[in-house]
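Quick notes on the structure that follows.
The values are calculated or read from the model by the stated rules, or taken from the named source; none is laboratory data. Small disclaimer: the values here were computed from a predicted structure and weren't measured. Cβ sites come from the backbone with ideal geometry, for glycine too, and all protein chains shown count toward neighbours.
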Amino acid sequence: MDLKGRLVLLAGPIFSREALTAPRQLKTYAMRAGYLFAFFVLLYTANQATFGWQQYRSPGATARFGAYVFQIFAFIQLTLLLFAGLLFSAGNVAAEKDRRTLLLLLMTDLKDRELVLGKLLASLLNVFTLLLCSLPLFVFVRLLGGVSLLQIGWLLAITGAAVYAAGSWGILVAFWREKTFQTLSISLLGLVAFLAIVEMLTFLVGPQTSAGEWIGALDPYRSLLRVVSPFSMGGLSRISELSLWHSLGVLLGLAVLLNLITIVNLRNWNPSKSVFVAVKEDKSGGRTRQARTVWNRPILWREIMTKAYGRKIFLIKLAYILFAGLIGLALFRGGATDALVLGMVSWQGLGFVLLALLSLMLVNAQAVTSITSERDGQTLEVLLVTEISPREFIGGKLLGVFYNAREALLVPLLFVGMLFVQQLIAAEQVVYLGVGYIMLCAFAAMLGLHSAISFDNSRTAIINSLGTIFFLFIGIFICMILIVEARSSFALQLPSFLIFIVGGSIGLWASLTHRNPSPALTLSAGVLPFVTFYAITAFLLGESFSVFLAVCAAYGFTALAMMMPAISEFDVSLGRATIEKS
């Protein structure tokens, strides 16, 4: 039996079906082409930011540019694929649970190994394909100089092992937890907390000790730093001495351990206890508890007064608060410092950015799952035939999102207060940061509802919603790095940045106007990346009020552009009615 046959035998029919059907879909090829195209656009932008329109370039300068681009591409790809692998794996199983089809899979003669590994490998198939598609890109970068084939090989190996471990964690959480929001939030928090704990333990033990090296090997970013900058991380005299077998082995071992835990506990976790409780209540024939009074706003009552998102959601909030406390303790213990990260923002400011990004993703996950769970649970159609108005439905869902995610909303604001107490920011900057952050939270919540309404498939809606938030901030970070690099000749490199921004506008337009395009959404997709770019440049120039106005105007208008069709054309947005064109 060949290697392909053995792999299919190991993963089972679930993976073999995905491997046979995925190449038939146009979106598979569009994803690969778009992935490589985005990196080549970034390569061109970085080239213009570094050299401009210079015709003569020395071999040394070209080699330094190749090494610089290799570093940027390596960390961007690791971040993108880690997030994609985690989200695809967790969302795949969560969608099966919401549609009640996982019970059917458990009733077949599929082995536990085939079910777990089949779902995992099927979810990661497109992610690993993108990783392999990046090989020609990195070989092209090698032609510039400053990079060896050995570095490219270790880059792909470490990234692949990290993605496999992240996907294994997502599969474990998805089979463990019942509700989609719990699955997404625990997956995200678990990954971020794991990286933070690994770095903290490595710092306490000492990165130069044997224990510190093995603990640090669990962090793929630390391992990747050794790949892209081998001579700065160790006593290497030749690039051929670069060896990261211990990092690769530790990451693969962690992934295998997670797989074994999932396989062993698969039948214990599924079906969940709620299934047996529901059967027991049906057989009793009597009322199991006293009826509760429903408010005049039943949607809001359901979001606030019931356990629609699981009974242990407080554990997620507790984990988030503990994580925020660790960030605050690490950043404020040493007091103020003038050191800037990448020449852009202070360490305390970076902590606020990371915490705010995590909060925005939790708010967005709460919003998108508030509707996808209704659709998959076949209760959305029941709600739509009642007398509930569109304004009551959308408003109840939004208020429910803000209430259920109140810890994620308030903790970053407390962080801003700590920055003010430490005299790191002025009083007016507290207002700018606070109001701007609240506006971004409103945008994230409305984007989640908009995606859930626009996409019939729950997994596609979740990936589109969270992916838009994630890629938006990744794009902002990339732009900031390139602007800092091109600060001395920014005006000459402006056309190259416009290419990067226009690409973002096209992607945002395709996401926002998927089902029901409107002039307001088209305008938002065209204006938002440009206004965000202006806000980035204003921030790097030390302005505060301009950044505040740009963020509030652009993201506030986009949130309203998504909210108005959801209320005024509610049936059209959900696909229950169409507008006849004259």
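Among all positions in the stretch 158-172, there is at least one residue which is farther than 27 Å from Y309 by Cβ and surrounded by fewer than 22 Cβ atoms within 10 Å (Cβ to Cβ). Considering (1) within 17 Å of H450 (Cβ to Cβ); (2) of a type outside the set (S, T, Y); (3) touching a Lys or Arg at 6+ places or on another chain (Cβ under 7 Å), the lone condition that D376 does not fulfil carries the number (1).
For the stretch 72-103, a residue qualifies if it is within 17 Å of the chain's Cα centre (by Cα) and over 14 Å from T183 (Cβ atoms), and the qualifying residues are F75, I76, Q77, L78, T79, L80, L81, L82, F83, A84, G85.
With respect to being farther than 19 Å from A157 by Cβ, in a helix (DSSP H, G or I), small (G, A, S) and not assigned by TED's automatic domain parsing to the domain that holds I462, G85 falls outside the description. Kindly establish whether V141 is within 30 Å of F51 (Cβ to Cβ) and surrounded by 15 or more Cβ atoms within 10 Å (Cβ to Cβ). The answer is yes for V141. No other residue among Y68, Y56, Y164 is at negative phi, modelled with pLDDT of 90 or more and either touching a strand residue (DSSP E or B) at 6+ places or on another chain (Cβ under 7 Å) or not assigned by TED's automatic domain parsing to the domain that holds T379 (or both) apart from Y164. Determine, yes or no, whether A193 is within 16 Å of the chain's Cα centre (by Cα), assigned to a helix (DSSP H, G or I) and surrounded by fewer than 21 Cβ atoms within 10 Å (Cβ to Cβ). Here the answer is yes, as A193 does meet what is asked.
Rundown of residues vs (1) part of a loop (DSSP other than H, G, I, E, B); (2) among the aliphatic types (A, V, I, L, M); (3) at pLDDT 80 or above, yes/no style:
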| position | (1), (2), (3) |
| --- | --- |
| K280 | no, no, no |
| T288 | yes, no, no |
| A291 | yes, yes, no |
| K317 | no, no, yes |
| I321 | no, yes, yes |
| G349 | no, no, no |
| L358 | no, yes, yes |
| A365 | no, yes, yes |
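For L201, the requirement of being assigned by TED's automatic domain parsing to the domain that holds R100, surrounded by fewer than 22 Cβ atoms within 10 Å (Cβ to Cβ), farther than 20 Å from N259 by Cα and modelled with pLDDT of 85 or more is met. Where helices (runs of 4 or more DSSP H) fall wholly inside the stretch 380-423, the ranges with 3 or more residues that are among the β-branched types (V, I, T) and out of contact with any strand residue (DSSP E or B) (no Cβ under 8 Å at 6 or more places or on another chain) are 406-421.
To keep it simple, each residue is scored yes or no on (1) in contact (Cβ under 8 Å) with a residue 40 or more places away in the chain; (2) surrounded by fewer than 15 Cβ atoms within 10 Å (Cβ to Cβ); (3) under 22 Å from the mean Cα position of the chain (by Cα).
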| residue | (1), (2), (3) |
| --- | --- |
| G503 | yes, no, yes |
| H514 | yes, no, yes |
| V531 | no, no, no |
| G542 | no, yes, no |
| V547 | yes, no, no |
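Looking at the stretch 137-164, which of the residues that are touching a residue at least 12 places away in the same chain (Cβ under 8 Å) and not hydrophobic (A, V, I, L, M, F, W, C) is farthest from W176 (Cα to Cα)? This residue is G145.
Just one of the numbered conditions (1) at pLDDT 70 or above; (2) of a type in the set (D, E, K, R); (3) assigned to a loop (DSSP other than H, G, I, E, B) is not true of D338: (1). Of note, Q429 does not satisfy the criterion of being in the same structural domain as L354 (by TED's automatic domain parsing), modelled with pLDDT under 90 and touching a Gly at 6+ places or on another chain (Cβ under 8 Å). Restricting attention to the stretch 419-442, does a residue exist that is out of contact with any Lys or Arg (no Cβ under 9 Å at 6 or more places or on another chain), of a type in the set (D, E, K, R) and surrounded by fewer than 23 Cβ atoms within 10 Å (Cβ to Cβ)? Yes, because at least one residue in the stretch 419-442 is out of contact with any Lys or Arg (no Cβ under 9 Å at 6 or more places or on another chain), of a type in the set (D, E, K, R) and surrounded by fewer than 23 Cβ atoms within 10 Å (Cβ to Cβ). Just one residue in the set Q208, Q182 is at pLDDT below 90, in the same structural domain as R100 (by TED's automatic domain parsing) and part of a helix (DSSP H, G or I); that residue is Q182.
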